[in-house]
Amino acid sequence: MRFLLLVLILPFAGSAIAAFLPQRGRDVAASLTGLNAIAGATIIASFYPVVSAGEVARLEMAWLPTLGLNLTLRLDGFTWLFAMLVLVIGALVSLYARYYMAPTDPVPRFFAFLQAFTGAMLGIVLSGNLIQIAFFWELTGLFSFLLIGYWHHNQSARDGARMALIVTGAGGVCLLLGLMLLGRAAGSYDVDAVLAARTAIQNDAAYLPALILILLGAFTKSAQVPFHFWLPHAMAAPTPVSAYLHSATLVKAGIFLLILLWPVLAGTESWFLIVTSVGLATLLVGAWSAIFQQDLKGLLAYSTISHLGLITLLLGLGSPLGAVAAIFHTVNHATFKASLFMAVGIIDRETGTRDLRLLSGLVRFMPITATLAMVAAAAMAGVPLLNGFLSKEMFLAEALQTHSGTVIDVALPYLATLASMFSVLYSVRFIHQTFFGPAPSGLRHEPREAPPWIRLPIEILVVTCLLVGVLPALTIGPFLATAVGSVLGESAPAYSLAVWHGFTVPLLMSFVALLGGLALYILFSAQLNATEQPPFIGRLKGRRTFEAVLAAIVQAARALLRWLGTKRLQVQLRLVILAALVAGTLPFLRFGYSRGPLPDTLIDPIFGLLWILGGACAIAAAALAKFHRLVALVLLGGAGLATCISFIWLSAPDLALTQLLVEIVTLVLLLLGLRWLPQRLPDIWPAGSKPGTVGFRRGGDLLIALLGGAGMAALAYAMMTRPLPGSLSRYYVEQAYPGGGGTNVVNVILVDFRAFDTLGEITVLAIVALTVFTLLRRFRPAPESIQMPAQQHRQNAFDDAREGHKRGDTLVHYLLVPRAIIQWLFPVILMFAIYLLMRGHDLPGGGFAGGITASIAIILLYIANGTRAVEATLQVVPVRWISAGLLCASGMGLAALAFGYPFLTSHSRYLAIPWIGDIPLATALIFDIGVFAVVVGTTVLILIAIAHQSIRAPRAKPVNAAPSTSVGEPV
C-alpha cells in the first residue's frame, strides 16, 4: 500500500527537479514528466486485481487521530479509473507539449507547474479524508492559475488565470465548509466512514447547508451555470494546458466529487432539483454558445461546458443508471476532448490562426491530422461506432425515464434531443469549415502536416475512441463495471454495453439529433460566420458580472480603509487591543471570576525591584519615544533584559537564553531601520481636532493599556493559584525523556511533540524575511552609491550621526569597533552557536538559539567589513540557507513516513564512543539543524536588505577613487 504514497510523491518531486533545470533542459523536464506519469500509471494499474475484487486499498498515517484527521490514501474501483485517466492523459499531454512548446518558452518551468498540478489532482482522487480533499482541491486551483497564466506577458492569460483562481477559490472555501458539515453529520472525516453514513447524513439538520456548500464548490470547479464564464477565458493558456485541464483534470474535479459523494448526497428532492436544474441549464447554454464561436478553442471550451452539464444532469437524476452513464461519459469525454484540443493546437501551430472564418480546406495539407480531428469530433457529436455515441445513447435512454414526476421529467426528452442536435451542429461546423472547402488564404504560415511525435498522443486517443465504440464490452467494460461497483455497491443496476440494442426510442432520438444538427448547419452556416455572440444569451456576460462584483468589493474595501485606516500605527494597535480586551472579557462575564485554592507566595524584594525597574524602562520608553527614538529603543531593551532575568529567576533558562539573543538581534536590526522611519506626525488626530483632543487620546491609550495589563494580570493570577493535576505540561515533563529522548523539555516540545507547529513557524519566518526583502528592494540605492569609496562611506556615516544626534531620531549603523577584535570574536561566537545547537536536546539551547547566536556573529562581521564579508568571505547565500533549512526539517518528517511512522516522528538512541562514553543522539537534531539554517538565512537576508538601504549617495564624487570593498552587491 505504500506505493500509493509513491504515486502521490512522484509528481511533486519531479516538479521540484524540473523547477531547477536550465532552459536547455527542456528535454529532461519533458522526459521526467512523462516517465513520472507512466510510473504512476504502472503502480496504479498493479492495484487492479485488488479493486476489481471489490476491495479498497488504504494507506493511513497518523496525524491528528484524536480529531479523526489522519493522512489517508484510498483506492477503489472508481478512484482507480479516475487516477488512470489523470496519469495516462498526463503522459500523453507531456509528450505533446515537448514538441508543441516553443524553444523560447521557459519550458522547464512549464513542466514543473504541470507535474505539480498532476500531483494535486491525484491528491484529490486518492485522498481518503474530507479535509485532505479540500487541501488538494485548493492546490489544483493554485497550480491551474500558474498554468493558465503561464504566458504572463499576455494580458488575456493573466485575466483568465485571475478569474479562474477567484471563482474556483471562492468555491473551494464553500467546499471546505460543506465538507466539515458533512464530516460532522457522519461522525467522521474518513471517506469510507462518510460513504457508509447515508442515513445519518440525510437525516441530519445540516444536510441541506452541507449539500449547498459542496455543490457550490463542485459547480464552480466544473464550470456549471452561472459559474461557467471563467472556462472560456482560460483558453489563453497553452494548448497542452487546455487539453489536460479540460479533459481529465481541473474541470473534472467537481464531477469526481459529485460521483464520489453520490451514494450519500443523492436521492433527495433537494439534490434532484438543484443538480438537475443546473446540469440542464449548463448543457443547453454551453451547446448553444458553442455553435456561434469563431475560435476553435472557444468552440471546444463551450462544448466542454455543455458535456460537463450533461454529466451533472445525469448525476442529478438520482437513478443508478444515470450514475453509470455519468461515469461512462466522463471517460469518453476525456478521450475525445483531449485529442480535439491537441488537434486544434497543431492547426494553430501550423497555420498561425484558430479563426474558423479563416480556415478551410486543410484536409489536403494535413490529411492525417484532419482525419484524427474528424474522428474525435464525430465522437463528440455521438456518431455510431464511436465511444461518444454509446454514452449519449445511455443519456437519452435515461432522459425518457420518470424520476420525480415534475415538469423536468416531461421536458427532459425533448431538451436532451435538442442539446444533442446542437452538439452535432457545432461538431459538423468544426469539421466542415476547418478541413473542407477551398484552400485557405492569408494565413501566417503555409499549412503542412505535423511531425509524427506530436501526432502520436492524438492517434492513441482516437484509436481508443474507435475501440471503445466498436468493442465496448471488451475494452472499457471491465473497468467501468469495477468503477460502478465501487460507487453504487449492491444497488448497481444491470446495463448493457452492446453496440446494437435494436430499433429503440433512444436510437431514434440519436438519429433525429444527427440529422437535425446536420440540417441546421446546412441552413444557417452563413449566419453562423457572421455572428459575434450567441443570440438570446449573448448579453449575459459572466465576465462583466464578475468584474462588477470584483470592483464593488475593491471599492468597499477602500471605503472601509478610509473609514478605519490611518497613517498612525497607534490607531491600529488600539483597535487590535480593544478587540482582544473585549474577547477576553466575555468568558468572565458569563462564568464569573474566582481565584484558585492555592495560597499566595511572597514576592522576593529583589525580584520585585527587578520588575519595578523593568516597568520603569517600559514606561520611560513610551514617554520618550516622542522626543528621542534611540533612547526609547535602549530603554525598551532594558525592559527586555528585565524579562530575561525574570525567566532565569523562575527557572526557565531556555526562555531566558532565547529572549536575550532575540533582544540583541532585534536591537541591531531596529537600529539599522531606525533612520528610515518617517518623521513624527503632528499631535493632532484627526485633522481639525480641538486642542484638548490630543490629551484625551493619550488618556484613552493609557486607560486601554491599564485595562489590558490588569486583565492579563488577573488571568495569570487565577491560573497560578489553581492546581494543574494531569495537565499537558506535566505530561510533557514526564514524557520528554522516554518519549522524546531528551531532558530539555522545552526543546523536546519544539522538535518532537509540537514539531509540526515549529515547521509552520519557521515557514512563516522564511516568508516574512522574503517579504521584507521584496519590499525593501523597491528602494534600492542608486548604482553610483554602491561604488562609493570606503572613505566617503565613513564620512557620510559621521555626518549622519551628527545630524541624527541633532534630530534625536536616527542612528547610523557604522560603529567604531576594532576590526581585529570582531574577527577574533567571530569564530568563538560561531563555535558557541554550534555548541548551543548540539546540546539543545538535553540542555538549554537548540536550533533557534544557535541560529540567533550565529546571526550575531555575522552581524558583528558586517559591522567590521560590510555585507561583502557575508556574501564573499563566508559564502552565505541567505535564500539557499532558508531553502536548505526547510528541506532539512521537512525531510526529517518525510523520512519518518518512509519508515512507517507518523510525520515528524523522531527517534533517539545512545552512541557508545570509546574513552568518552554514551552520547545521546536523536533524529530531532536534523530538524533542529533545519531550524538553525532558517534562522541564520532569514536574519542575514533581513540584515542585508536593510543595510543596502542605508547606503547614501555620495555628496561629492572623488576623482580616480578605487571602488569600495566594504559593501556588497544587492542580493
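In this structure, does GLY592 turn out to be touching a Gly at 6+ places or on another chain (Cβ under 9 Å) and either assigned by TED's automatic domain parsing to the domain that holds LEU667 or at pLDDT below 85 (or both)? When the stated conditions are applied, GLY592 does not pass them.
The rows are residues; the columns are (1) closer than 24 Å to ILE255 by Cβ; (2) surrounded by fewer than 19 Cβ atoms within 10 Å (Cβ to Cβ).
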residue: PHE3; (1), (2): no, yes
residue: ILE9; (1), (2): no, yes
residue: ALA18; (1), (2): no, no
residue: ASN36; (1), (2): no, no
residue: GLY54; (1), (2): yes, yes
residue: ALA91; (1), (2): yes, no
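Out of LEU175, LEU181, which single residue is within 18 Å of PHE136 (Cβ to Cβ), assigned to a helix (DSSP H, G or I) and touching a helix residue (DSSP H, G or I) at 6+ places or on another chain (Cβ under 7 Å)?
Numbers: LEU181 fails: within 18 Å of PHE136 (Cβ to Cβ).
After ruling out the rest, the residue left standing is LEU175.
Only one of the listed residues (LEU861, LEU894) is surrounded by fewer than 17 Cβ atoms within 10 Å (Cβ to Cβ), at pLDDT 75 or above and in the same structural domain as THR763 (by TED's automatic domain parsing). That residue is LEU894.
So that you can scan it fast, the table gives a plain yes or no per residue for (1) within 30 Å of MET180 (Cβ to Cβ); (2) of a type in the set (Phe, Trp, Tyr):
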| position | (1), (2) |
| --- | --- |
| PHE227 | yes, yes |
| TRP230 | yes, yes |
| THR239 | no, no |
| SER247 | no, no |
| GLY254 | yes, no |
| LEU257 | yes, no |
| ALA266 | yes, no |
| GLU269 | yes, no |
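Every residue, every condition in (1) polar (S, T, N, Q); (2) at negative phi; (3) without any contact (Cβ under 8 Å) to a residue 24 or more places away in the chain, yes or no:
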residue	(1), (2), (3)
GLY178	no, yes, no
VAL194	no, yes, no
THR199	yes, yes, yes
LEU211	no, yes, no
LEU216	no, yes, no
HIS228	no, yes, no
LEU250	no, yes, no
GLY267	no, no, no
TRP271	no, yes, no
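Hey, could you check segment 262-301 for residues that are out of contact with any Asp or Glu (no Cβ under 9 Å at 6 or more places or on another chain) and among the polar types (S, T, N, Q) and say which is farthest from THR353 (Cα to Cα)? That would be THR268.
Go through the residues of segment 673-691 one by one and say whether even a single one is assigned to a helix (DSSP H, G or I) and either under 43 Å from the mean Cα position of the chain (by Cα) or at pLDDT 70 or above (or both). First the steps, then the outcome.
If we filter segment 673-691 for residues that are assigned to a helix (DSSP H, G or I), which is where we start, we get 673-674.
Subset that is either under 43 Å from the mean Cα position of the chain (by Cα) or at pLDDT 70 or above (or both): 673-674.
Yes, segment 673-691 contains at least one residue that is assigned to a helix (DSSP H, G or I) and either under 43 Å from the mean Cα position of the chain (by Cα) or at pLDDT 70 or above (or both).
Got at least one residue in segment 545-560 being surrounded by 15 or more Cβ atoms within 10 Å (Cβ to Cβ), under 33 Å from the mean Cα position of the chain (by Cα) and either at pLDDT below 85 or not aliphatic (A, V, I, L, M) (or both)? The answer is yes; a qualifying residue exists.
Inspection of segment 320-327 identifies no residue that is touching a residue at least 40 places away in the same chain (Cβ under 8 Å), under 22 Å from ALA513 (Cβ atoms), assigned to a loop (DSSP other than H, G, I, E, B) and assigned by TED's automatic domain parsing to the domain that holds ARG455. How about segment 19-38: which of its residues are among the aliphatic types (A, V, I, L, M) and under 21 Å from ILE454 (Cα atoms)? Answer for segment 19-38, where residues must be among the aliphatic types (A, V, I, L, M) and under 21 Å from ILE454 (Cα atoms): VAL28, ALA29, ALA30, LEU32, LEU35, ALA37, ILE38. In segment 172-192, the condition of being small (Gly, Ala, Ser) and closer than 25 Å to HIS228 by Cα is met by at least one residue. Taking segment 373-420 as the range and being in contact (Cβ under 8 Å) with a residue 24 or more places away in the chain and charged (D, E, K, R) as the test, the residues that pass are LYS392, GLU393, GLU398.
Beta carbons closer than 7 Å, at least 6 apart along the sequence or on distinct chains, pair a first residue in segment 632-659 that is under 21 Å from ILE619 (Cβ atoms) with a second that is not in a helix (DSSP H, G or I) for ALA632/ALA625.
What tally of residues in segment 804-839 results from selecting those that are among the aliphatic types (A, V, I, L, M) and either at positive phi or modelled with pLDDT under 85 (or both)?
9
When segment 419-446 is limited to residues that are outside any loop (DSSP other than H, G, I, E, B) and small (Gly, Ala, Ser), the one that is nearest to LEU284 (Cα to Cα) turns out to be ALA419.
Of the residues ALA97, ALA62, which single one is in contact (Cβ under 8 Å) with a residue 12 or more places away in the chain and in a strand (DSSP E or B)?
Values: ALA97 fails: in a strand (DSSP E or B).
Criteria check complete, one pass: ALA62.
Confirm whether ALA889 is at pLDDT below 80 and not in a strand (DSSP E or B). Spelling it out, it is not the case that ALA889 is at pLDDT below 80 and not in a strand (DSSP E or B). For segment 586-608, the set of residues classified as surrounded by 12 or more Cβ atoms within 10 Å (Cβ to Cβ) and assigned to a helix (DSSP H, G or I) consists of PHE588, PHE607, listed by residue number.
Residue pairs whose Cβ atoms lie under 7 Å apart, sitting 6 or more positions apart in sequence or on different chains, and linking a residue in segment 471-492 that is closer than 14 Å to SER52 by Cβ to a partner that is among the charged types (D, E, K, R), are SER486/ASP76.
Just to be sure I understand, how many residues within segment 294-315 are assigned to a helix (DSSP H, G or I), of a type outside the set (Ser, Thr, Tyr) and out of contact with any His (no Cβ under 9 Å at 6 or more places or on another chain)? I'd like the intermediate steps shown before the answer.
So the first thing to find is which residues in segment 294-315 are assigned to a helix (DSSP H, G or I), and the list is 296-315.
After this cut, where a residue has to be of a type outside the set (Ser, Thr, Tyr) as well, the list is 296-301, 305, 307-311, 313-315.
Pick out the ones that are also out of contact with any His (no Cβ under 9 Å at 6 or more places or on another chain) and you get 296-299, 313, 315.
Matching residues across segment 294-315 total 6.
All told, THR104 meets the bar of being surrounded by fewer than 24 Cβ atoms within 10 Å (Cβ to Cβ), of a type outside the set (A, V, I, L, M, F, W, C) and either in a helix (DSSP H, G or I) or in the same structural domain as LEU176 (by TED's automatic domain parsing) (or both). Quick one: which of LEU630, LEU610, LEU657, LEU650 is among the aliphatic types (A, V, I, L, M) and more than 30 Å from ILE749 (Cβ to Cβ)? Checking each option against the conditions leaves just LEU630.
What's the total number of residues in segment 213-240 that are within 18 Å of GLY169 (Cβ to Cβ) and part of a helix (DSSP H, G or I)? Before you say what the answer is, go through the steps one by one.
Step one: of segment 213-240, the residues within 18 Å of GLY169 (Cβ to Cβ) are 213-224, 226-231, 233-234, 237.
Of the ones still in play, those that are also part of a helix (DSSP H, G or I) are 213-221, 230-231, 233-234.
Qualifying residue count for the region: 13.
In the set (1) in a loop (DSSP other than H, G, I, E, B); (2) in contact (Cβ under 8 Å) with a residue 60 or more places away in the chain, ALA769 fails one condition alone, (1). Number of residues in segment 589-620 that are closer than 17 Å to MET720 by Cα and aromatic (Phe, Trp, Tyr) equals 1. Among the candidates GLY25, GLY14, the residue that is crowded, with 20+ Cβ neighbours inside 10 Å and not in a loop (DSSP other than H, G, I, E, B) is uniquely GLY14.
The values are calculated or read from the model by the stated rules, or taken from the named source; none is laboratory data. The shown structure was predicted, so the numbers you read here are calculated from the model rather than taken from an experiment. As a convention, Cβ positions derive from the backbone with ideal geometry for all residues, glycine included, and neighbour counts pool all protein chains shown.
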